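Take a look at the structure below.
The values are calculated or read from the model by the stated rules, or taken from the named source; none is laboratory data. Since this is a predicted model, take the numbers as computed values, not measurements. Cβ placement follows ideal geometry from the backbone for every residue including glycine, while neighbour counts extend to all protein chains displayed. In case anyone asks, the SASA skips ligands and DNA or RNA and just uses the protein heavy atoms, side chains included. Shrake-Rupley method; radii C 1.70, N 1.55, O 1.52, S 1.80 Å.
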Amino acid sequence: MPLHKDIMNFRWDMAKVVKNEGHVADLKSLLLDAQKASDGLVPYASLGAHSQNDYFSNMVINNAKINSTQDYSDVDSSLIIGGRYSKKIIKTDVPFSVAGMSYGSIKLPAKISMHFALNKLAKNGIKVLMNTGEGGALPWEVYGTEKSREKLSKTHWDSILQFTDKLLKANHLEEIDIDELFTREYPLVVQYASGRFWKDPAYLLNADGIEIKIGQGAKIGHGGILPGSKVTELVAENRGILAHKPAHSPSRHLDILGPEDLVAKVLELRELTNWEIPIIVKVGASRIYDDMEIILKSYADCATVDGLVGGTGAAPYEVREDIGINTIASLRPIRDAINDYYETHDKDGFKLVVNGGIWDSERIAKTIALGANGVGIGTGFLLAMGCTLIQECHTDICPAGITGSHEKLDVEKSAEGIFNYIKATKIELQNIAGSLGRKKIEDIEMTDISVNDLLTSIISELPFFDGTNHISKIRSKIDNSINALNLQGEKI
Amino acid sequence: MRLNEKAVIRKSILELCNTGLPRKESTDDVIRTIREKSRSEKEGNLWEYIVALGAQLSRPPFDPYREKIKLATKIGRKGDQKISLKIPILIYGEFDLSQSSKDALNLALNNLDDNRSTVGLISRDEPCDERKYPHFQILDDVSKLADPDGIVLEYAGVKTEEKIEKIRKEFDGPIIVEVDEYFSYYTGNLLELGVDGILVNTDNITKSEKYDGKHAIAVIHDARLAINEFYRGKENDGACLVVAGDVNNAGKMVKAAGLGADVIGYDTSLLIARVGHHSENFFDEEITAQKIFNHMIATKSELTGIPAAIGYSDFHNLSPSDFRTSSIKASVQGNIPLEGVDKTYRNIVEEILEEHINTKNISVNQQEKQKIINLVMEGEN
Amino acid sequence: MCGICGLMMDDVELRHSPVGSILQDMMESQQIRAQDGAGIAIFNKSNAGDSFKIKNFRKEEMSDYAIDEVKSSSENVSENLQKISQDPECHFFSFENEMTIFKETGLAKDLDKKFGIRKMNGSHGIGHLRIATSSRVTPYNTHPFSTTILPDIAIVHNGEITNYNMLRDSLELEGFTFHTDSDSEVIAVFLASRILKHGDIERAHREFVAKADGPFTYIAATSDSIAIVRDKFGTRKGIIGYNPGTNGQPPFWAMATDLSALDVVGATTKIETPHPGKPRIFYRN
């Protein structure tokens, strides 16, 4: 949806009138009004909400260093997902993964950059988990291992190659080596979302894990959207939908209306995959205590929780801004739900992955300290590829050529950026844990963190740097009030 | 993320990407410094610190493509005099409109009615004859009753109450009273007199001394309390709360509805009408009407989409329990629970006070407790 | 979101029919749906009389609670109710005249083992299996819910009343008391408040459907009626069947979440699904 000159002019005209009336013109809001007046449609937005308070920067990891002269490379940074009910597990070498970003919402060169970067990391001994997002997987993701190609008929394989050819040609990437492309050395989790965008059952069967997406932080209670301008012929073919028409997923799985339906769905997928691969349930952070309790009872191996600022390729502006709670705020009710559950159940391998506003080692460490086992990073990888954060992913004007537009993304350079980003973040994480005297990243604890403001202390249950906490702060406020009342002649 | 923090984050990630080595400096430390610098500034717009809880597993969301989400409402407490709105919006605001702007607005409102998207209009003007939408006429001391569908009176002390009694004898449609900042003292009286709705203009009221430093949410919260107080022990016969002022986008409207607004007084349509006239490039009555129409239809979609995502098939079912805040100030002013702890700041202080006086063996009675809590609350404003 | 069931004997002479054992069969057949709690309410006219039973949980450790019973005559019943409502040590359990309620966390067969449900007779009854969604797993939050407003009202509910807070706030403003944090309780209180107002149970159900939001099916029983009601979009399930008197059982109407529950008790004729938003009521002859 390009910003027509007319819309911009109309906005300025409105702003002038508002100013002349003696009010402050909110330009962002007036732009949305001008858009609505122009087309009568709900305005979209992308990436994460402009949350005024995400708490991360109010938290300090006590005495930890991201940069150290000492070598902490023996600190264990691995994460295992699965094994609670699944026969197989996913073992990754970093506690962070690539959050779901689908082909369609980001363009092919960006998908291929991530594919190559993760392969290169795997060759260097760092296995990183990739999530496909809700728009289906690309051929080399589904058929990237030899085992997955074993039972393919010649005609099927030819049709896959043909489609791959078309994809590469359309993006002027013919020089890419097909054998190299059809090698996937990293684990892949596929999303099972309310819009069932895949045509090939191998999508589920060849995956290393399945994530049932109930909601995402950017648009909780709202289905996925891919604006029509981004549904090219090839994206449409890959998803099995009509080209140039917006792809709207239902706001809910039409067969999951409550907890017992989720149980049925998890068991259905377990039967389908012979109880082998891990099953994850993803929700946005909202009524998170209740939702976590339900996930814990649902035979899932892992929960993914996505905070308010979790990104998206497109969401209605108001839904993105106004629905869902912040990542840090969700962690306390999540801990409560998990603790309450395990009061009456034996400990098992349930894992928690948290997304939303997390993009560097410190924030990963803070999230893990507050109870997560791992985190997902989305926007961070876009930045590594050159994203400028103009938040126009829902349109076709991406200046970096990641989500839209005809700008060409340099695949090699982007892959290198992602490679370095992950490598350096892993070292930083090990430095943090090592400088705290820990052998494992997961051993970073709440006692390692302190806060500098009252609200963050209330929400996270963390103490201030001087050892006081929100209770003692409020107590002294109470004492001050009592004194003030006494001064006024009230005897208390 | 905030706008000014984006650059910091981007720079930091690019450093990692270019070097593949740990950074020199913690980025959260840099952001914290930026925030501490801006902390002395007034906490921005509190609307931005309020979020709704979306529906997922513990309750499924509705889907506006599949289920019809109800927006319609009625104004009026007696059965045969109710006015129906398909969208709970009354166009209302301070903009001075020329005749052509008014014509464009009239055309747009009629088209909206044809589209089953009726909204109402509050205006000082005499109602148009060929209107299809409800017109609420603002009656001041000089204006004459000109056969409107409803009446709006501005509260001006006891004489307003006398006026209401007088008007009731010749007019049986809904009467809405626009109140000033002292509404909590007399809302009960007005409702006792049979007034059908209370209109609060948050822009005006927050400028008053009584609401100095407070936000629109405090006004809406207090106005809803005043109306609820009237209904204590009786069955609610539907006196409505009309909220105008700082509620000029769908997000704010949804939050206002959660805090207790039944109908929104909305001025953006007037702004569009006004701009349509003032801009040489755009002025055309029909184009302006189309813009007003489009804008309202888009707003309607937003107003159905958000409640559906929260799990409601009716806009009017939004309640305070569906909202959380990430600001202590917003929690104090709107009595909204803090995110993650699901208690209001007041609840938290009450709990700590209770424990504090037990351990310290201080004897205070209920009244004194409230005084202490109120003083702590004031400190956060 | 749970499993619910109910039945109404079709024959006026058969007030002492084996309601308990049929209900128990229906509940156990739906056990797969939910395992957090089970409860029943059974109506038997021969229990009816001048005295009322007000039962409440004695506040002890969650896992080990007991039920106190206050017998009241029609003279002192409102006084006793008020006392219990105001006592913070008391958790209201039920207000019974001819109705009997049993509920407990855990499975349906444990409920039978503890209280001998299968031996109970009556004219109609309802049953519930609970999976917790938004309130905790405690006996207090187990269905059926009843009210202190009127005796002999019991409801079981599958789904979610999403605008529960709003309905509760307005009922509390009107002066009606709630005793739990469960959204389901609002159904019972709302119905009781309307019966008090106009005495028409069918109208009360219609009013509730018009006001309540979210996906739900509930079965509500009063001393002379039982009704199954689905939300206006029909998002939750519900099914009704008739057993004309096979297998030596007396004829009865049965209703449940799953068809399996009708199957197991032979209520497989005249199968219908209640129309969304339209209460389907059966009266005691």
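Annotations
- Segment C:81-102, subset farther than 23 Å from residue C:221 by Cβ and either touching a Phe, Trp or Tyr at 6+ places or on another chain (Cβ under 7 Å) or among the charged types (D, E, K, R) (or both), residue modelled with the lowest pLDDT: C:89
- Verdict on residue A:228 being open to solvent by 30 Å² or more (accessible area, probe 1.4 Å) and not acidic (Asp, Glu): no
- Residue B:180 meets the conditions (1) assigned to a helix (DSSP H, G or I); (2) open to solvent by 10 Å² or more (accessible area, probe 1.4 Å) in every case but one. The failed one is (1).
- Residue within segment B:195-203 that is in contact with a strand residue (DSSP E or B) (Cβ under 9 Å, 6 or more places away or on another chain), part of a helix (DSSP H, G or I) and under 22 Å from residue B:258 (Cα atoms) present: yes
- Criterion applied to B:57, B:53 was being within 9 Å of chain A (Cβ to nearest Cβ), touching a strand residue (DSSP E or B) at 6+ places or on another chain (Cβ under 7 Å), aliphatic (A, V, I, L, M) and without any contact (Cβ under 8 Å) to a residue 12 or more places away in the chain, and the one residue passing it is B:57.
- Beta carbons closer than 6 Å, at least 6 apart along the sequence or on distinct chains, pair a first residue in segment B:3-30 that is more than 7 Å from every other protein chain (Cβ to nearest Cβ) with a second that is surrounded by 18 or more Cβ atoms within 10 Å (Cβ to Cβ) and of a type in the set (D, E, K, R) for B:15/B:23.
- Checking each residue in segment A:62-86 for being within 14 Å of chain B (Cβ to nearest Cβ) and under 30 Å from residue A:300 (Cβ atoms) picks out A:75, A:77.
- Residue match in segment A:364-371 (condition: in contact with a Gly (Cβ under 6 Å, 6 or more places away or on another chain) and in the same structural domain as residue A:320 (by TED's automatic domain parsing)): no
- Residue within segment B:99-106 that is part of a loop (DSSP other than H, G, I, E, B), assigned by TED's automatic domain parsing to the domain that holds residue B:147, in contact with a helix residue (DSSP H, G or I) (Cβ under 8 Å, 6 or more places away or on another chain) and crowded, with 20+ Cβ neighbours inside 10 Å present: no
- Looking only at segment B:84-115, residues that are of a type in the set (A, V, I, L, M) and within 22 Å of residue B:257 (Cβ to Cβ) come to 7 in all.
- Listed by first and then second residue, the pairs with beta-carbon distance under 8 Å, at least 6 apart or on different chains, first residue in segment B:157-183 and polar (S, T, N, Q), second surrounded by 12 or more Cβ atoms within 10 Å (Cβ to Cβ), are B:160/B:153; B:160/B:154; B:160/B:177.
- As a summary of the residue check, residue B:230 satisfies the conditions (1) closer than 25 Å to residue C:168 by Cα; (2) free of Cβ contacts under 8 Å to residues at least 24 places away in the same chain except for the one numbered (2).
- Taking segment C:210-234 as the range and being of a type in the set (A, V, I, L, M) and open to solvent by less than 10 Å² (accessible area, probe 1.4 Å) as the test, the residues that pass are C:212, C:219, C:220, C:221, C:226, C:227, C:228, C:229.
The rows are residues; the columns are (1) open to solvent by 10 Å² or more (accessible area, probe 1.4 Å); (2) in contact with a Pro (Cβ under 8 Å, 6 or more places away or on another chain); (3) modelled with pLDDT of 95 or more.
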| site | (1), (2), (3) |
| --- | --- |
| A:28 | yes, no, no |
| A:80 | yes, no, yes |
| A:92 | no, yes, yes |
| A:97 | yes, no, yes |
| A:116 | yes, no, yes |
| A:122 | yes, no, yes |
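- Condition check for residue A:433: closer than 27 Å to residue A:94 by Cα and either under 20 Å from the mean Cα position of the chain (by Cα) or within 9 Å of chain B (Cβ to nearest Cβ) (or both): no
- Restricting segment C:1-34 to residues that are within 14 Å of chain A (Cβ to nearest Cβ) and surrounded by fewer than 17 Cβ atoms within 10 Å (Cβ to Cβ), the residue that is modelled with the lowest pLDDT: C:32
- Leading residue by the ranking (most open to solvent (accessible area, probe 1.4 Å)) among those in segment A:236-258 that are under 23 Å from residue C:236 (Cα atoms) and not charged (D, E, K, R): A:254
- Criterion: open to solvent by less than 10 Å² (accessible area, probe 1.4 Å), assigned by TED's automatic domain parsing to the domain that holds residue A:103 and acidic (Asp, Glu) - qualifying residue of A:291, A:208, A:200, A:261: A:291
- Of all residues in segment B:112-145, those satisfying the criterion of being assigned to a helix (DSSP H, G or I) and open to solvent by less than 60 Å² (accessible area, probe 1.4 Å) are B:112, B:113.
- Scanning segment A:442-485 for residues that are open to solvent by 60 Å² or more (accessible area, probe 1.4 Å), more than 22 Å from residue B:351 (Cβ to Cβ), of a type outside the set (Ser, Thr, Tyr) and without any contact (Cβ under 8 Å) to a residue 60 or more places away in the chain turns up just one, A:466.
- The single condition among (1) touching a helix residue (DSSP H, G or I) at 6+ places or on another chain (Cβ under 9 Å); (2) in contact (Cβ under 8 Å) with a residue 40 or more places away in the chain; (3) more than 14 Å from chain C (Cβ to nearest Cβ); (4) within 20 Å of residue B:320 (Cβ to Cβ) that residue B:201 does not meet is (4).
- Taken over segment B:287-325, the criterion of being outside any strand (DSSP E or B), over 26 Å from residue A:41 (Cβ atoms) and open to solvent by less than 10 Å² (accessible area, probe 1.4 Å) is satisfied by B:319 alone.
- Residues located in segment C:235-250, provided they are within 14 Å of chain B (Cβ to nearest Cβ) and either hydrophobic (A, V, I, L, M, F, W, C) or open to solvent by 20 Å² or more (accessible area, probe 1.4 Å) (or both): C:235, C:237
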